[in-house]
């Protein structure tokens, strides 16, 4: 196993805190890495490209510092107004972070997409640059060494770390490496905070994640979700009552609405069941989830619709 080493043994290390953002092609494991470092599910994950649509902050607490991970939409060539707004969001975010982690998978050759993103890193001179080789659990030693060699040839990185966010191999190492690159600073968030995302936003994202599973090629980009209402039922002694959540799934065309609902509502029931379990896990209580599917025609290209959906 190829390892990255950090200096140890100093019991008087200054407290450091700062912001890091992970970039890379779709499905290189950026959101999975974010969740693994934070220790809970902050960002939704999916095999579909451009799953992440908003800037999500996950907060990692360590004895000697805080890492604030800013999970952003991927850098891509936009085809819609939504795409343009997401790219602008990424530009703004990467211009402000202290460290950018460039993620590449161990089990796929470096391609044009990787090199395009690496070139774009030059637009953000303020941030330190770390290369992160993900999914080492899915690659052999020779593949890992070859990828590390190719990564090293791209630029003079501040650090290079191979890891697996799934098996947590070298997860502590990447946390130490990133923290060492952060400025000395007092804590930026309260000790119990793991994200600054609102509860409703996290619930809406879990609904979208459940809807993405098994979605056809054209559907992922057309999907959005929102929480419309919450109703608290009477508690039973110290036990919280049932929380009723009323939410909407948005698509762009009537034909897509039929796909999401499925025959006799079967697909929508599956989505609701899957999302409800995740929401109950997030909230630590029983939930009743009511979902409606609504058509918001060409919402990715409509400024008013984008504003209504929070973009």
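The values are calculated or read from the model by the stated rules, or taken from the named source; none is laboratory data. All values reported here derive from a predicted model rather than from experimental measurement. When we count neighbours, we look across all protein chains shown, and the Cβ atoms used for this are built from the backbone with ideal geometry, even at glycine.
Worth a mention:
- Candidates 261, 271, filtered to the one that is crowded, with 18+ Cβ neighbours inside 10 Å and farther than 17 Å from residue 227 by Cα: 261
- The one condition in (1) farther than 15 Å from residue 81 by Cα; (2) out of contact with any strand residue (DSSP E or B) (no Cβ under 9 Å at 6 or more places or on another chain) that residue 303 fails to fulfil: (1)
- Matching residues, segment 293-309, being surrounded by fewer than 16 Cβ atoms within 10 Å (Cβ to Cβ) and either under 17 Å from residue 201 (Cα atoms) or outside the structural domain of residue 251 (by TED's automatic domain parsing) (or both): 307, 308
- For residue 229, the criteria (1) on the phi > 0 side of the Ramachandran plot; (2) surrounded by fewer than 13 Cβ atoms within 10 Å (Cβ to Cβ) hold in every case but one, which is (1).
- Test: residue in segment 247-260 that is touching a residue at least 60 places away in the same chain (Cβ under 8 Å) and within 18 Å of residue 200 (Cα to Cα): no
- Highlighted here are the helices (runs of 4 or more DSSP H) found entirely within segment 136-215 that include at least 2 residues which are free of Cβ contacts under 8 Å to residues at least 60 places away in the same chain: 141-154, 199-212.
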